[in-house]
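Note sheet for the following structure.
Every read-out reported here was derived from the displayed coordinates using simple, explicitly stated rules and does not represent laboratory data. Since the model is a prediction, treat every value here as computed from it, not as a measurement. Because the Cβ atoms are built from the backbone with ideal geometry, glycine has one as well, and the counts that use them run over all protein chains shown.
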Amino acid sequence: MEFFFDLLSVLVLLSSFVLVSNKKITAYIKTFQIQSALIALIAGIMGWSIAVNEDKYDILIICVIIIALKVIFIPHLLYKTYGNIEYRVEKDFFMNIPIIVLICCGLVVFSYFSVSNIGSLTGFHINHQVVNSLSVVLIGFFFMISRKKAIGQIIGYLVIENGIFVTAMFSTNGMPFIVDIGIFIDMITAVMIMGIMVTRINKKFESINIDKLSKLKG
Amino acid sequence: MDWLTPSSLLYWSIIIYLTAAIVAIFFYRHPHLCTLFAQSGCIFASALGAASALKMILFDQETLIITPFESTVPFISISMTLDALSAFFILILSILVCCVSLYSIGYLKHYYNKRNVSAFHALYIGFILSMIFVFTAGNAVFFFIAWEIMTVISYFLVVFESEDVNEKAGLIYIVMTHIGAAFLMIAFMIMFVYTKSFDIFGSSEAIPATAKSLMFVFFLIGFGVKAGVVPVHVWLPYAHPAAPSNVSALMSGIMIKTAIYGLIRFILCYLNVHNTWWGILILCIGIVSAILGVAYALMEHNIKRLLAFHSVENIGIILIGLGISFVAFSQGNGILGGLAISASLLHTFNHTLFKGGLFLGAGSIQYATHTKDIEKLGGLIKKMPVTAVMVLCFSLAISAIVPFNGFVSEWLTYQSLFSIIIPGQTGINIISILAAAALAMSGALAAACFVKLFGISFLGKARSECALNAAEVPASMNTGMGILALFCLVIGLFPVFFLKVVDKVVFSISGTTVIGELQGGFLIAWYPINVSGNAITPSAIFIASAVIILATAALIRLVGGKVSERKYGTWDCGFRELTPRMQYTATGFSKPLRIVLRILYKPGRMLETEKGDSSYFPLSKKYRVWTEPVFEKYVYDPFLTAVKRFSLRIKLSVQTGSTHAYLVYIFAAVLVLMLYNRLA
């Protein structure tokens, strides 16, 4: 079981590396979809084992919700938002891709360093799954910083959320059901609002480059 | 009888204050009734408060603890503690409130139907109550809350007349006092860190010496801003003229004294004075305030600004006494410490009486003439004789002339200054000699200033229409001032009774009594110093001078025979008639001192001439003279400019409006927190 989780957490981390090295917006959405599917798989395996051992089904339900929301609904919504915006070729990132990837490697090392003294959560050794998922949070954050266009920020936000979810899953075997549901509802609202905002920004500035927002400053 | 204990009297006085405030709010449609109810409530309540305080000081020496409200939230409980020191300040507060409320019944008439008078009453009573709470607070949290309420309410009272100037005055006031409050808060936090308690009456033994010195400095800055000592006095000359006169009487009379209370309570009672330099620092600040306050007052022609600068001067004199007592206590000289602090407390009391009275007098002048500029007054002694006599009394009192109270406390301050001079102790000797010289100089300048104030505004001919049409103010206003003037005279003539009151207070804080040292009968107060016994008897001097005047008059009558009165115009040098413009002006009167002290004022002058056909007949001439506000120009303005520039730079560089920059800040914060978590 632990072997599967180790493998899956590494895959989730890898997917976030793939995300930061993408150049096209459609590719961001697709990578996010894959990452969400991997997380759904983690939740599925964990939920299955708990359902078999302890006769509790809430993580399985959450797995279904993840598939419905993060794998199908939100990517669909993002594709639609993207479709509303005319296609324009613009350089989307501040630094070039290799440097971004190198910085992300640094972030992984940093999160390893910072978590290394709280390994006692699951035993004496360092919990690599937590390290990996925490790195996903930081990489998601860094992705938000490195992308200029608003869709990049939405994806970054969703990746942070994914990272936090997986961290919670690995460190405590799932949060209380009601908390998870609350987070999902928050997330849907946030993504919908941000989708609307992107369309508005596009109308106003004829670009979804959020640098233009600094014109709003008083 | 149970209900006559100090605590129940105080309790009832607070209840009556509150009732008066509520009644005032309910009668907001009837300004007359509302004023009558609220102010008579205040008079009654203040009488109870004074009775409670006197009873506390004269009979019960035990500290009383009243806790009307205990909450489950830690450290937030209203605990009121009444000891002799609090009682003394409540006594002077109550006497002043009694007179000011009497005065307000008449004074507030010119606000009817112009401003919301009932709101004024509610604020006024709230202001008084907050000061009572400041004086009785038993823990630092409650003290701080009461202190802030006092500041905020007085801000609203300052801007009550809401004109543009007042709003600027209010802004300066509230910014300055909040800077002071921040320092107080830091000091209270240091206190809590070491003693784990906010109890003001607790022990400070757990605090190390360095932290005590730090606390002393913070207390000094925090209370100094409220007291208005140089160089943090800048709010006083703005706030006092802006406020209605009865409020400025309260503010100058008692609110700035809350700082004196704080200094005595926290530094002398709580921290105990260990270092000589504390006292010397206070002494130096006192000297500078006394000199500069009166020096700037001389150049002012706005009657209330002038009085505000005199508050700075008198706070300086109080601080000189306090400084000597701190020095003496740190050297273990209890008797001298007791003497100096009695001088300081007595001067606090006296200043409350005469400065409150002077502000009320300024209010009467403004009520009758609608101006605060003394260059526009003149000849008021004929129009408002009662007010004139009382302003003269207060002017004599503040200039420390013999039969009035200012003399007694300044004399005691001098005696303590002389007594601290011990052969072979160079530093303090030099400072105390300088302090005595400074005190003498400030006394002389104050006398000059009040000659100017009284002479220009009450004597001579009216300089403007408004002074010409002035009429005597309502009787209630004159009664209020009259009581204060009577107190000034009584304390001046029979100081020993009041010294006894002060002495009991001093005994409760320092355990020394000086009244025994001030031997003599009911009229005589003398303090033995090493060289020779210095003694003074104000009433004897008064009687002697009265006898001399009467004798001279009789002699003139006897030698000169019957004098026939002849009414005739003054010789006018060949002009057709004398006009008010030929009189000495306030600017002219203060000119010699402006030249002597030009290093302080940096005066400038300009003559603008509009040329006519011939240079001998100009169309108009304008003469302008000004002095520079040194502290504002060379200390505050550069500082404010620097702060503004820094803030603007921050706004341009940190708050750029770029979403990415904001994201980077959050990201950096997260990383730093993670690092901190790892390393801590």
Q | Sorted by Cβ neighbour density within 10 Å, fewest at the top, the residues B:TYR103, B:TYR261 | A | B:TYR261, B:TYR103
Q. How large is the charge dipole for chain B, taken about the Cα centre, if only the Cβ atoms of Lys, Arg (+1) and Asp, Glu (-1) carry charge, to the nearest 20 debye?
A. 1820
Q | Mean ellipticity per residue at 222 nm, deg cm²/dmol - from DSSP H runs of n ≥ 4 across the protein assembly as shown, formula -39500 (n - 2.57) | A | -23000 deg cm²/dmol
Q | Proximal lysines to B:LYS55, defined as alpha-carbon separation beneath 20 angstrom and excluding residues fewer than eight positions away on the same chain | A | B:LYS500, B:LYS504
Q: Compare the Cα positions of B:ALA554, A:LEU134, B:TYR662 along the charge dipole of the protein assembly as shown (+1 at Cβ of Lys, Arg; -1 at Cβ of Asp, Glu; about the Cα centre) and return the one farthest towards the positive end.
A: B:ALA554
**Q.** Principal axis box of the range B:580-626, alpha-carbon based, largest edge first, Å
**A.** 41, 25, 13
**Q.** Cα extents of the range A:147-218 along the three principal axes, largest first (Å)
**A.** 45, 21, 20
**Q.** Environment charge of B:ALA397, counting only residues whose C-beta is closer than 12 Å and scoring Lys/Arg +1, Asp/Glu -1
**A.** 0
Q: Along Cα→Cβ, 7 Å out, is where each label goes; now give me the distance between the ones at B:ILE422 and A:ILE72 in nm to one decimal.
A: 9.5
Q: Would you tally the net charge around A:TYR112, using a Cβ to Cβ cut-off of less than 15 Å, leaving A:TYR112 out, and scoring K and R as +1, D and E as -1?
A: 0
(Q) Among A:LEU107, B:VAL141, B:SER77, whose Cα projects farthest towards the positive end of the dipole of the protein assembly as shown, with charges put on the beta-carbon of Lys, Arg (+1) and Asp, Glu (-1)? (A) A:LEU107
Q: Assign one of three labels to the range A:2-212, namely rounded, prolate or oblate, based on the Cα gyration tensor with a ≥ b ≥ c the square roots of its eigenvalues; rounded applies when a/c is under 1.5, prolate when it is not and a/b is larger than b/c, and oblate otherwise.
A: oblate
**Q.** Whole-percent pair-distance distribution, where bins are 5 Å wide, for the alpha carbons of the range B:284-558
**A.** 1, 6, 12, 15, 16, 15, 12, 9, 6, 4, 2, 1, 0
Q: Express in nm, to one decimal, how much length is gained between B:ILE549 and B:VAL630 on full extension, taking 0.36 nm for each residue of separation and deducting their alpha carbon distance.
A: 24.7 nm
Q. Quick one: if you stick a label point 7 Å off each Cα along the C-beta vector at A:ILE178 and B:SER213, how many nm between them?
A. 5.8
Q.
Charges at C-beta only: +1 for Lys and Arg, -1 for Asp and Glu. How large is the resulting dipole of the range A:91-215 about its Cα centre, in Debye rounded to 20?
A. 620
Q. On full extension of the chain, what length is gained from B:ARG566 through B:ILE401, given 0.36 nm per residue of separation minus the C-alpha to C-alpha distance?
A. 56.0 nm
Q.
Quick check for me: using +1 on Lys/Arg Cβ and -1 on Asp/Glu Cβ, what's the dipole size of the range B:580-626 about its Cα centre, in debye to the nearest 20?
A. 260
Q | Mean Cα-pair separation over length for the range B:284-558, i.e. relative contact order, pairs under 8 Å, 6 or more apart, % | A | 23
Q | lysines whose Cα lies under 17 Å from that of B:LYS257, excluding same-chain neighbours fewer than 8 positions away | A | B:LYS226, B:LYS355
(Q) Which entries of A:LYS30/A:LYS203; B:LYS382/B:LYS562; B:LYS383/B:LYS562; A:LYS149/A:LYS204 have Cα-Cα distances beyond 20 Å here? (A) A:LYS30/A:LYS203; B:LYS382/B:LYS562; B:LYS383/B:LYS562
Q.
If you build the convex hull over the alpha carbons only and average its shadow over all orientations, what do you get for chain B? Give it in nm² to one decimal.
A. 41.7
Q. Over chain A, what is the relative contact order in whole percent, taking alpha-carbon pairs under 8 Å and six or more residues apart?
A. 23
(Q) Straight-line reach only, C-alpha to C-alpha below 22 angstrom: list the lysines that B:LYS611 could link to, leaving out same-chain residues fewer than 8 apart. (A) B:LYS621, B:LYS622
Q. Can you give the translational diffusion coefficient of the protein assembly as shown in µm²/s, computed by Stokes-Einstein from the Kirkwood radius over Cα pairs at 10 °C and 1.306 mPa s?
A. 48
Q: With both partners inside chain B, how many of the DSSP beta bridges are antiparallel, as a percent to the nearest 5?
A: 100
**Q.** For the range A:1-55, average projected area of the Cα convex hull in nm²
**A.** 3.7
(Q) As I understand it, the value is the acute angle between the Cα axis of helix A:25-54 and the longest principal axis of the Cα atoms of chain A; what does it come to in degrees, rounded to 10? (A) 20
(Q) I need to check one value: relative contact order of chain B, counting alpha carbon pairs closer than 8 Å and at least 6 residues apart, in percent. (A) 11
